[in-house]
Amino acid sequence: MIQWKKKGLDTCFYSEGIQLARVTGIEGCKDSFEEINPGIFCWKRRCSPADHMVMEVRAAYSPDFTMVPGVNYNGNGWGTFCEYTSDRYHGMPWQYGWHRASVAAMTYSEKELDGRLVSTALFGEENCGGSCQLFEENGEEVHRLCWPETESPKALYLYRLGDAWHGTMEPKDTFTAWLVLEENGKAKSGYRLALDAAWKLNDRERKLPLAPQKVWEYGIAYAKTLFTREDDGFCGFNIGLYWDGSGWKKREANKYEIGWCGQNGMLANALLCEALYSGDKEAEEMGFQVLDSWLEKAMLPAGVVASYYDPGQDRYLEACDLGTAGLAYFEAAQLSEKLGKSGEKYRRAAFGICEFAVRVQDEAGRFAKCWHEDGRAAIREGTVGAFLVLPLLEGYRQSGKACYLESAVKGTQVYLEELKTYGFTTAGALDIFSIDKESGIPLLKASMELYRLTGEEKWLEAAVDSAWYLSTWQYTHTCHFGPSCLLGQTGYDSFGGTLVSTVHEGIDPFALCYVPQLYQLWKETGEERWFKRARAIWRNGCQHISDGTLLIDGRQRPKGSQDESYTVTRQGTHGKKAEASDSAESGTFLGPDSIGIASQWLVAWPGSFRMEVLRLLKDAPELWN
């Protein structure tokens, strides 16, 4: 039980006589605390009208682990891209805008004391208009909420640190913060109580943007729009459309990918499902042509299908793509047989990926991030290798081959141990080498599948651990954009979306791909938080889907298309021309204060994920209500 008492201007919080934290008081200000639930305090500070304020909590320890969710995991520093590192820049503590973190202005720290994990979290109200700091000083971990909003000594823009940003505010006489003190948490994830508290504060009824039937209809339409036949006979789904100044155009380079952004395998299967449901012969023909093209024209010397189809370019074979391809070809085999055709060649391709995975796995159980086309490892580091576990589990389910299960268990265990040890996962966003969300996804999926296959409780516990980590990336507040911002004009709601990485702080709907696992986790544990998080992901991910008439920024969008990501942080480009994705230019000029922007890059993957969710959870009406 946590108790608190005044000490001069300060307020100290204790547990069993041991001081956990100290709130620093200010002359002329009155602090009050209401314990909403055990360990969760609403802290209000009343004062004469002020146009600046600092609400400071000093945790009584030098921390073992710190986090600004979605922004800074224990000081970052893993990888090669520009990001916030350490808790300071040239000796000055970082100050982050409230909108950067997945929970508004949240800071978190933890320490093992006398055999128990104690933790401190501080966060602000939705759209609090302030900023936060987290740094160690004199043996204490300092948590701050600061007004007005400031980002300093530098602000993180896209792939670069830029000038600091200093805001202003109208004077006010009441400031509010939420303080969460946990006494018996789990190492590297003692933030669970704080994440739950923030979620409950901001979770409210939100309208479903689009009915499931329309989501499917529009997804099929966009897949057909992206379908392309090359001069050499290769058929694939172009990776996306960009605005060239006069209209929407298909990408002209780096056009096809079997998984990740291109999702050629998953989209092909969606078209085969459409053929099964409706008898659509065009969809059936397109689906088979794409699946066959990858096998006929994109097989590598390593004996597996390539990640990309770009003749003349030497590109890596990615674990993320390969894992996705394996699952896609297993499903394609089943769909083919339902359509009255042999699925044997697809099954062979899927098992070929399983054999490759067993062959390249190292003694510790890790897979590389990527390989050269002949199968030599190119980059070994990264949790993203765990994507290869997924086809191994499906291969075992279909064949009973023990070595597949052994390899999958070994791989899952080693990557779960990395999450347990470091508190983060890495290298899943294939265009960014950093701490990120996507590399945590296969840990949740593999753990749930291993629980289904074995019934062992340890795998359900691992799935819960993975889901909590992924929750640190999920936006738990709605940013209210002004009418001058694009997202303010469209009414985009950030709640439920997920940040990409510590480098790229845009929000995207990539979490759609693990909605089925969160739903299953709810069913297995009875913990409603997982259902609520899944539903929020779905609703967030169904925004900005065009019905064929949707106008955004004066541009009419093709049916089924959607932005890849949304900028809800100050991630502009200092007046340089903004890139929607790689070579795809949006044509928009952004200043350093740009916020509330849509990517204008209408990529392939969101629709493929939504249609997979609809296929896997067709008997889950709770998600759509």
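The values are calculated or read from the model by the stated rules, or taken from the named source; none is laboratory data. Here the structure is a predicted model, which is why all the values come from computation and not from measurement. Neighbour counts run over all protein chains shown; Cβ positions are idealised from the backbone, glycine included. Protein only, heavy atoms only, side chains kept; ligands, DNA and RNA dropped before computing areas. Shrake-Rupley method; radii C 1.70, N 1.55, O 1.52, S 1.80 Å.
Per DSSP H run of n ≥ 4, the term is -39500 (n - 2.57); total these for the chain, divide by its residue number, and report the mean residue ellipticity at 222 nm rounded to 500 deg cm²/dmol. Result for the chain, helices only: -10000 deg cm²/dmol.
Across the alpha-carbon set of the range 163-289, the Rg to Rh ratio works out to 1.21, Rh being the Kirkwood radius. Measuring r between the beta carbons of ARG116 and GLU34 and using R0 = 22 Å, the FRET efficiency lands at 0.30.
Fully extending the segment from GLU528 to MET1 would add 187.2 nm, taking 0.36 nm per residue of separation and subtracting the current Cα-Cα distance. Comparing Cα centroids, the range 116-184 and the range 368-404 end up 40 angstrom apart. Measuring how big the range 221-285 is from its alpha-carbon positions, Rg and Dmax come out at 12.6, 39 Å. Ranking THR412, CYS542, ALA59 by how far each Cα lies toward the positive end of the dipole of the chain (charges on Cβ) leaves CYS542 at the top. For the set ARG380, ARG251, solvent exposure ranked by accessible area (probe 1.4 Å, protein chains only) runs largest to smallest as ARG380, ARG251. Close amide-amide hydrogen proximity is noted between ASN74 and THR66, MET67, VAL68, each under 5 Å apart and 5 or more residues distant or on a separate chain (H modeled in the peptide plane; Pro and chain starts excluded).
Once Rh for the range 34-107 is found with the Kirkwood sum over Cα pairs, what is the Stokes-Einstein diffusion coefficient at 4 °C and 1.567 mPa s, in µm²/s?
On the way: Rh = 15.0 Å.
Estimated via Stokes-Einstein, D reaches 87 µm²/s.
In sequence order, the range 126-131 has phi-based couplings of 4, 6, 5, x, x, 8 Hz under the Karplus curve 6.51 cos²θ - 1.76 cosθ + 1.60, θ = phi - 60°, and Gly or Pro positions carry x. Across the range 96-130, the residues whose backbone nitrogen lies under 14 Å from the label position 7 Å along the beta-carbon direction of ALA187 are 110-118.
If the chain between GLU381 and ARG555 were fully stretched, how many nm would it gain, using 0.36 nm times the residue separation less the Cα-Cα distance?
Numbers: separation 174, 0.36 × 174 = 62.64 nm, distance 4.13 nm.
Going from the current span to full extension adds 58.5 nm.
Angle of helix 212-226 to the longest C-alpha principal axis of the chain, folded into 0 to 90 degrees and rounded to 10: 60°. A compact globular protein would have a Cα radius of gyration near 2.2 N^0.38 Å; the ratio found for the chain is 0.97.
I want the local charge near CYS82. Using Cβ-Cβ distances under 13 Å, sum +1 for each Lys or Arg and -1 for each Asp or Glu among the other residues. With Lys, Arg at +1 and Asp, Glu at -1, the net is 0. Of the residues TYR73, TYR396, ranked by 1.4 Å probe accessible area with the largest first, the sequence reads TYR396, TYR73. Couplings 3J(HN,Hα) of the range 71-84, computed from phi: 10, 9, 10, 6, x, 6, x, 8, x, 10, 9, 5, 7, 6 Hz, in residue order, whole Hz [Karplus 6.51 cos²θ - 1.76 cosθ + 1.60, θ = phi - 60°; x for Gly and Pro].
Just order 445-453, 135-143 by mean Cβ neighbour count inside 10 Å, highest at the front, would you?
Values: 445-453: 22.4, 135-143: 17.0.
Descending mean neighbour count gives 445-453, 135-143.
Here the ratio of the Cα radius of gyration of the range 353-436 to 2.2 N^0.38 Å is 1.07.
Show me the ranking of peptides 293-303, 180-190 by mean Cβ neighbours inside 10 Å, starting with the highest. Write out the running numbers ahead of the final one.
Details: 293-303: 16.5, 180-190: 20.7.
Ranked by mean Cβ neighbours within 10 Å, highest first: 180-190, 293-303.
On a 0 to 90 degree scale, rounded to 10, what angle separates helix 319-338 from the longest Cα axis of the chain? Around 50 degrees separate the two axes.
Between GLU417 and ALA364, the contour length at 0.36 nm per residue exceeds the Cα-Cα span by 17.9 nm. Remark: the range 356-365, residue by residue, has Karplus-estimated 3J(HN,Hα) of 4, 4, 4, 5, 9, 5, 7, 5, 6, x Hz, where x stands for each Gly or Pro and the curve is 6.51 cos²θ - 1.76 cosθ + 1.60 at θ = phi - 60°.
From the C-alpha gyration tensor of the range 107-153, pull out the three semi-axes of the equivalent ellipsoid (sqrt of 5λ each), sorted largest to smallest, in whole Å. Values for the range 107-153, descending: 25, 13, 6 Å. Sorting the segments 462-469, 229-236, 540-547 by their mean number of nearby beta carbons within 10 angstrom, highest to lowest, gives 462-469, 540-547, 229-236.
Protein chains only, probe 1.4 Å: how do TYR256, TYR14 rank by accessible area, largest first?
Details: TYR256 5, TYR14 35 Å².
Ranked from most to least accessible, the order is TYR14, TYR256.
Between the range 295-334 and the range 205-249, the alpha-carbon centres lie 21 Å apart. The charge dipole of the chain, taken about the Cα centre with unit charges on the Cβ atoms of Lys, Arg (+1) and Asp, Glu (-1), comes to about 720 debye, rounded to the nearest 20.
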